[in-house]
Amino acid sequence: MDKNSNSHINPFLQPYNTPHDTAPFDKITLDDYEEAMMEGIRRDNEQIEKMVNDPDEPTFENTIIREDEVKGRKHYYDLLSRTESVFFNMLSAETNDEMDALAQKMSPILTKHANDMSLNPKVFERIKYVYEHHRELSPEEERLLNNVYDGLVRSGALLSEDDKNRLRALTEEASMLSLQFSQNLLKENKAFLLHITDEEQLSGLPETARQAAAETAREHNLEGWAITLDSPSYGPFMMYSTQRDLRQQLYMARNTLCIKANDTNNLEICKRLINLRRELAQLLGYDTYADYVMKYRMATNVSNVYSLLDKLITAYKPTAIKEMEEIRQTAIHSDDWNKESDKLEPWDVSYYAHKLKMQKYDLDPEMLRPYLELNNVIKGVFGLATKLYGITFKPNTDIPVYHPDVKPYEVFDHDGTFLAVLYVDFHPRKGKRDGAWMTEFQGQWIDNEGVNHRPHVSLVMNLSKPTDDKPALLRLGEVETFLHEFGHSLHGIFANTRFESLSGTNVWWDFVELPSQFMENFAIEKDFLRTFAFHYETGEPMPDELIDKIVDSRNFNAATACLRQVSFGLLDMAYYTQKDEFKADIIPFEKEAWKDAMISQQRSDTCMTTQFSHIMSGGYAAGYYSYKWAEVLDADAFSVFKHEGIFNRATAQRFRDCILSKGGTDHPMTLYKNFRGSAPTIDALLERNGIKKEA
């Protein structure tokens, strides 16, 4: 459709009239976004004026939820929310230069609007009155009221006018810089290409990696082969390539993203973001940004975060040092090692770790790929949800999608009732950022007429692509990634709360990773693998011998992997526990911040911070530790399944009822104890990783 056609009607401004009111991606044009967002802002302002001028006494109904106007109408939708959810999801999954430019234009406008709403004194006056004079509320209503009131206070409602103006400036600048950080990283990542024309330089690469590299070259209109920094390309090359100089080139490209002297340098952006968040926290009465964040975290304070990280270092570092020495010894005794030096460089680690794993377990990831064909993996992962919860997944090609790669499904409960729409988007492409994530185009809520509006969940990954003569054959690590993001998806799919802001993954950050990391446990369970791991050509099941090798090798380099995550947590906390203006040079500061978790000499010419999206632009600032915090929870929770049966429906139903469906309606520890019967301990994690033997 011609976006300039007079007949074009902005789809955001009318009922979608699509299956389950899903976003009409096939009708949306670039121009629609700005028009709809500006109209959404106008409507928000109109509603705010109506509320603050309401002559009636402020109540929960006419101030906090206004159900008479908001979510009780048949065709109600929050225009700004519906437009932003599509726009910012596309900015990660299917962007281009025009989208990026529009994001730069709209970001300060949207941030200003959010500030106008949260800093409106008349709005706060009414909410404060309800907070102090409300009727008896249900637990969920009370949770919502507390969140709304505290959210406004934490957004500056109690500040003086001068301080409110300063907060506006801080948040608007931080919003712009976070966006710039992400755009710079995506541009640098996609700009790199290792072009190979000499087949000898593919030495060591398995056929799957060679075919993928040839396909990538064709996509770029090149002869030969091409390697990118996207995980399905980068990972296998670093593991298999015998070309040490090319491994070094690739490693340095990946680990120097956004530190070069060009217009995509993120060093000063990171420094400024750290200071903006510190100043914002101090404006609101906190010593540091981490202190500000911890008020709504299970960890409760900075000391508890450091206590966890320190315990993990103490428990895992001795084993990690031994693991790295084993890799070094493997390297120096290998035929292809440079005998003039015994220094193991970071671009050597994956390569020689693979050799060591072969020696110890005779297990190569390529042995598994033929049994991990994507369509079979989909059946396995969806089938796991069916075994646990009785839910089913039905493709529906009538649901519009934003790219041909995207597959839409309807999800139905065990009794046949509709639960959710699930979009799955598996493979890398030009306008898609690296990594994997779950998001939503619509959350879940129950309106005042009792209608349960079900969520539209999106699962986005960058898994190995099919080639000309082979389907998409995954690595086991990619199956784990799928399970991880699918766990987040289940958190959204099972949401069953009255208020959208409390549904699904709207929980405290150090609780949100529990459902996702819990699902990863199934990846190496024999009974699960036997449900879907069939050879893509012969249909033969994965041999028991191979499954045994997977199980036996589950803790290979587990301590090193743990310390890597701990190092990221230390770096995050080092930045966001700053009390004074941060003036240090990022790169040397980074090396010092995480040194206690390091087990080998660091390079001074690489940098993680400038590509650390989680803590700079992804919402995990002062919260990266939550991955390890949730790992304690997921190991403890999965130990219940191991005891009662990994497919035990009663146990799964308890997990669903107590955790997955509850969202943020109660304190996370309360939810966890409701499932487990007790608080978690670190013991199950240590036992799972072989650090502590089961008594």
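Think of the chain as having a plus end and a minus end, set by charges on the Cβ of Lys, Arg, Asp and Glu; of MET176, PRO370, PHE647, PHE647 sits farthest toward the positive end of this dipole. The angle between the Cα long axis of helix 244-254 and the main principal axis of the chain comes to about 10°, on a 0 to 90 degree scale.
Counting only heavy atoms of the protein chains, get the accessible area per residue of the chain (1.4 Å probe) and round it to a whole Å² value. Present the calculation step by step, with values, prior to reporting the outcome.
Values: 29650 Å² over 695 residues.
Dividing the accessible area of the chain by its residue count gives 43 Å².
The apolar share of the surface of the chain, taken as the fraction of accessible area on carbon and sulfur atoms (1.4 Å probe, ligands and nucleic acids excluded), comes to 48 percent. Computed over segment 607-651, the P(r) curve from all C-alpha pair distances, binned at 10 Å from the origin, holds 25, 30, 21, 20, 5 percent per bin.
Using alpha carbons only, the radius of gyration of segment 361-419 set against its Kirkwood radius gives Rg/Rh = 1.12.
Of the residues VAL401, GLY416, GLY235, the one whose Cα sits farthest toward the positive end of the charge dipole of the chain, with +1 on the Cβ of Lys and Arg and -1 on the Cβ of Asp and Glu, is GLY235. Could you state the number of Å between the C-alpha centres of segment 417-442 and segment 577-637? Using only Cα atoms to place each centre, the spacing works out to 27 Å.
State whether segment 246-311 is rounded, prolate or oblate according to the following rule on the C-alpha gyration tensor (a ≥ b ≥ c being the square roots of its eigenvalues): a/c under 1.5 gives rounded; otherwise a/b larger than b/c gives prolate, and the remaining case gives oblate. Don't skip to the end; give the middle numbers.
Numbers: a/c = 4.75, a/b = 1.66, b/c = 2.87.
Note, shape of segment 246-311 comes out oblate.
Candidates LEU563, ALA635, ILE586 compared by Cα position along the dipole of segment 550-695: farthest toward the positive end lies ALA635, with charges placed on Cβ.
So what's the back-of-envelope 222 nm ellipticity for the chain, counting only DSSP H runs of four-plus at -39500 (n - 2.57) apiece and dividing by all residues, rounded to 500? Walk me through the numbers on the way to the answer.
Numbers: 27 runs with 358 residues, N = 695.
The helix contribution divided over the chain gives -16500 deg cm²/dmol.
To the nearest 20 Debye, how big is the dipole of segment 305-356 about its Cα centre, given +1 on the beta carbon of each Lys and Arg and -1 on that of each Asp and Glu?
Numbers: 7 positive and 10 negative charges, 54 e Å.
The dipole magnitude comes to about 260 debye.
Is the C-alpha gyration tensor of segment 593-695 telling us rounded, prolate or oblate? Criteria: a/c under 1.5 is rounded; beyond that, a/b larger than b/c is prolate, otherwise oblate. Oblate, because a/c is 1.5 or more while a/b does not exceed b/c. A prolate overall shape is assigned to segment 335-447, the ratio a/c of its alpha-carbon gyration tensor axes (a ≥ b ≥ c) being 1.5 or greater and a/b exceeding b/c.
For the chain, calculate the relative contact order in percent as a whole number, restricting contacts to Cα pairs under 8 Å that are 6 or more residues apart. Don't skip to the answer; put the middle values down first.
Numbers: 1031 pairs, mean separation 104.9, N = 695.
It comes to 15 percent, rounded to a whole number.
Ranking of TRP445, TRP225 by solvent-accessible surface, largest first: TRP225, TRP445 (1.4 Å probe, protein heavy atoms only, all chains present). Charges were assigned to the Cβ only: +1 to each Lys and Arg, -1 to each Asp and Glu. The resulting dipole of the chain about its Cα centre is roughly 1120 debye.
Taking 28 Å as the limit for the C-alpha separation, the pairs LYS526/LYS628; LYS526/LYS595; LYS271/LYS322; LYS105/LYS187; LYS187/LYS357; LYS322/LYS355 exceed it in the case of LYS526/LYS595; LYS271/LYS322; LYS187/LYS357.
Can you pull a Stokes-Einstein diffusion coefficient for the chain at 37 °C (0.692 mPa s), Rh from Kirkwood over Cα pairs, as a whole number of µm²/s? It diffuses with D of about 122 µm²/s by this estimate.
Measuring nothing but how far apart in sequence close Cα pairs (under 8 Å, 6+ apart) lie, relative to its length, segment 454-579 scores a relative contact order of 17 percent. Highest average first, the peptides 406-416, 7-17 ordered by how many other beta carbon atoms sit within 10 Å of their residues are 406-416, 7-17.
The values are calculated or read from the model by the stated rules, or taken from the named source; none is laboratory data. Since this is a predicted model, take the numbers as computed values, not measurements. No Cβ is skipped: glycine too gets one built from the backbone with ideal geometry, and neighbour counts run over all protein chains shown. The area values use the complete protein model at the heavy-atom level, side chains included, leaving out ligands, DNA and RNA. Shrake-Rupley method; radii C 1.70, N 1.55, O 1.52, S 1.80 Å.
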